[in-house]
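Written below as structure tokens is the structure these notes are about.
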Amino acid sequence: MANGQITCVRTDFTCGNCEADRTGACTDWRITDHLLHCFREGMEEKEKSSSTIRKYLRDLAHFRSWLKSTYSKDAVYVTEGVQGESVRGEPFLNKERVRQYKQYLRDNYKLSTANSMISSINSFFKYMGWHDCCVTTFKVQRDTFRRSEKDLSLQEYQRILQAAAGRQGRGKQGGRQLALIMETLAGTGIRISELPFITVASLHTRRTAVSLKGKSRMILLPGQLCKKLLAYCRERAITEGSIFITRTGRPLDRTNILHRMKALSALSGVSREKIFPHNLRHLFAVTYYEKEKDIVRLADILGHSNINTTRIYTLVSCETQLDILDRICGMLDPV
């Protein structure tokens with residue numbers, strides 16, 4: 001430790017930036033707590049969301065655990081931290097080992113999940129300058145139809161709202177708040193992370209400016225929704241700031257909202273797999289496109305920088321696709 005700073009494990013790193021010596025041997029590359037700490041700080045400087053940071057670090061912890069269990073024999077003891085209090089056996093990294101981990105992911109996870117985990121560790125490798133360790137993701141052909149396993153219908157959505165109101169009717173707190181949260185997500189298409197930007201002031205102008213991850217966009221609010229939210233604010237004596245807050249005035253935690261929504265499954269008869277905040281954004285997008293058929297405007301509303309991201313909402317359901325194929329087959333049938 002020098003001048004109160006944590007000393008890096010390797011001498012070819014600059015503490016604080018962790019600039020890797022790209023000419024070093026691959027056998028010197030090992031994942032340590034200190035490097036993960038630096039990676040976290042790097043993501044925070046780039047204003048990555050807290051959920052993204054947790055996801056990346058969770059995926060790296062999984063890779064690190066696999067690496068230790070698979071290559072424990074060549075692990076060396078590395079001293080790091082203040083006065084060297086942290087000692088662990090860390091196997092080295094190389095491209096072949098990352099490829100083997102990639103195969104492990106393919107054998108044990110869905111390709112979409114595997115690709116997500118690969119992207120996380122690739123981001124760490126690029127940050128460290130370990131470009132030789134990066135691997136490609138799996139190629140996944142796009143579906144020509146929208147999978148309906150998690151599609152939330154309008155009828156199911158209404159049942160969930162009624163279930164939330166029913167919780168309030170039985171004396172449980174927060175039922176109306178939860179119902180209004182769901183109406184806001186489904187009525188605007190916003191992300192759950194954008195919920196704190198729905199403020200008392202925004203209800204009077206029917207618009208709110210959202211600024212997250214270095215990006216800003218304007219969200220318009222339906223008049224009917226604003227009336228409901230203003231009435232809610234009057235009842236709760238909320239005069240300024242974010243509308244959806246705890247009893248102590250803090251913004252609601254997204255995990256808390258998720259758990260409260262999941263609890264509506266038994267009351268509504270809707271599968272738990274279909275009940276989560278982002279599915280309400282999905283419901284908005286599908287409903288909007290079915291009515292307007294304008295993918296460009298929908299991409300703007302959802303805040304998508306790449307219109308290909310919006311394409312999923314333009315796909316028909318599997319059942320509709322099968323009906324189309326049956327009709328075409330009937331037209332071409334010579335009998």
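Observations on the model:
- Taking the convex hull of Cα positions in the range 221-300, its mean projected area over all directions (nm²): 7.4 nm²
- With a threshold of 20 Å on the Cα-Cα distance, the over-threshold entries among 110/215; 48/126; 55/126; 102/126; 46/102; 46/139 are 110/215; 46/102; 46/139.
- Evaluated at q = 0.09, 0.17, 0.18, 0.21 Å⁻¹, the base-10 log of the normalised Debye intensity for the range 201-335, with identical point scatterers placed on the Cα atoms, takes the values -0.43, -1.24, -1.33, -1.43.
- Potential lengthening between residue 51 and residue 158 on full extension [0.36 nm per residue; Cα-Cα distance subtracted]: 35.6 nm
- For the range 154-276, the Cβ-based charge dipole about the Cα centre amounts to some 100 debye (Lys, Arg positive; Asp, Glu negative; other atoms uncharged).
- Of the trypsin sites (Lys or Arg not before Pro) found in the range 233-335, the ones in coil according to DSSP and having at most 16 other Cβ atoms within 10 Å of their Cβ are 247, 293.
- Treating r as the C-beta distance of residue 111 and residue 37 and R0 as 41 Å, the FRET efficiency rounds to 0.85.
- Remark: the residue 216-residue 71 segment gains 47.7 nm on full extension, using 0.36 nm per residue and subtracting the alpha carbon distance.
- Length released on extending from residue 304 to residue 99, taking residue separation times 0.36 nm less the Cα-Cα span: 70.6 nm
- For the range 154-276, the square roots a ≥ b ≥ c of the C-alpha gyration tensor eigenvalues yield an a/c of 1.5 or more together with a/b exceeding b/c, which makes the shape prolate.
- Over the range 154-276, relative contact order from alpha-carbon pairs under 8 Å, at least 6 apart, %: 27 percent
Values quoted throughout were computed directly from the atomic coordinates according to the rules given, and no laboratory measurement underlies them. Because the structure is a prediction, the values reported are computed rather than measured. Note that each Cβ is placed from the backbone with ideal geometry, even for glycine, and that neighbours are counted across all protein chains shown.
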